[in-house]
């Protein structure tokens, strides 16, 4: 099932929300959702998502709404790991109010979700390693250059250690921010990486080969 979370009508512009298998949830009237998600907005979003399972493909709108992944992760009722393709770590503490945002949702998930064990993060630049320092036992980061070489060339120690820690015992949820892609592939609202679509698709297929996938979401 394809589920579209509509905040800004970007999928309507691209004609991506058609077909019998597509369900659209319209969040466009909710205030306090752009980049940061207020507590009031979060409550309304959770209510509107209540009937939907974490399985399937979820389109989250643009990158300012990547925090939506956390609401899907909250629905997972068994131990699981998270795989994220993103040009940013999304582990930045809130600079202003203590509020869920597109820049801290992984950090917030690690701190609050008991069923979330480990995170594989592929795509940030090497300079971002310091941002995951406090969670280096649970967050396995493949930097932009290594991730961009594809799974056949980047099955390095980081990926293998993540697989070892998973042990085939836990399913994974996959989240893709299109800003991991080169600007020649797609234009997003954030600064972008250098990965190609072919490379990203290869990574997703490799993840599906190695793990049981609960669901996947896409933003950007």
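The values are calculated or read from the model by the stated rules, or taken from the named source; none is laboratory data. Quantities reported herein were computed from a predicted structural model and do not represent experimental measurements. Methodologically, a virtual Cβ is constructed for each residue, glycine included, from the backbone with ideal geometry; neighbour enumeration extends over all protein chains shown.
When residue 186 is tested against the conditions (1) part of a loop (DSSP other than H, G, I, E, B); (2) surrounded by fewer than 13 Cβ atoms within 10 Å (Cβ to Cβ); (3) free of Cβ contacts under 8 Å to residues at least 40 places away in the same chain, the lone failure is (2).
Just one residue in the set 82, 107, 73, 116 is within 24 Å of residue 167 (Cα to Cα), surrounded by 17 or more Cβ atoms within 10 Å (Cβ to Cβ) and out of contact with any strand residue (DSSP E or B) (no Cβ under 8 Å at 6 or more places or on another chain); that residue is 107.
Okay, residues lined up against (1) crowded, with 22+ Cβ neighbours inside 10 Å; (2) in contact with a helix residue (DSSP H, G or I) (Cβ under 7 Å, 6 or more places away or on another chain); (3) under 23 Å from residue 127 (Cβ atoms):
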{"residue": "163", "(1), (2), (3)": "no, yes, no"}
{"residue": "168", "(1), (2), (3)": "no, no, no"}
{"residue": "182", "(1), (2), (3)": "no, no, yes"}
{"residue": "195", "(1), (2), (3)": "yes, yes, yes"}
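I'm told residue 129 meets every condition in (1) closer than 23 Å to residue 4 by Cα; (2) surrounded by fewer than 16 Cβ atoms within 10 Å (Cβ to Cβ); (3) at pLDDT below 95; (4) in contact with a strand residue (DSSP E or B) (Cβ under 9 Å, 6 or more places away or on another chain) except one. Can you identify the failing condition by its number? Among (1) closer than 23 Å to residue 4 by Cα; (2) surrounded by fewer than 16 Cβ atoms within 10 Å (Cβ to Cβ); (3) at pLDDT below 95; (4) in contact with a strand residue (DSSP E or B) (Cβ under 9 Å, 6 or more places away or on another chain), residue 129 violates only (1). Close Cβ contacts (under 6 Å, 6 or more residues apart or on different chains) running from residues in region 12-26 that are at negative phi and part of a loop (DSSP other than H, G, I, E, B) to residues that are surrounded by 10 or more Cβ atoms within 10 Å (Cβ to Cβ) and at pLDDT 70 or above comprise 17/4; 17/11; 17/24; 21/1; 21/2.
Can you find even one residue in region 125-136 that is over 28 Å from residue 151 (Cβ atoms) and touching a helix residue (DSSP H, G or I) at 6+ places or on another chain (Cβ under 7 Å)? No; the residues of region 125-136 include none that is over 28 Å from residue 151 (Cβ atoms) and touching a helix residue (DSSP H, G or I) at 6+ places or on another chain (Cβ under 7 Å). Within region 132-144, if we keep just the residues that are surrounded by fewer than 22 Cβ atoms within 10 Å (Cβ to Cβ) and touching a residue at least 40 places away in the same chain (Cβ under 8 Å), the residue that is farthest from residue 200 (Cα to Cα) turns out to be 135.
Take residue 32 and decide whether it is without any contact (Cβ under 8 Å) to a residue 60 or more places away in the chain, surrounded by fewer than 21 Cβ atoms within 10 Å (Cβ to Cβ) and in contact with a helix residue (DSSP H, G or I) (Cβ under 9 Å, 6 or more places away or on another chain). It is true that residue 32 is without any contact (Cβ under 8 Å) to a residue 60 or more places away in the chain, surrounded by fewer than 21 Cβ atoms within 10 Å (Cβ to Cβ) and in contact with a helix residue (DSSP H, G or I) (Cβ under 9 Å, 6 or more places away or on another chain).
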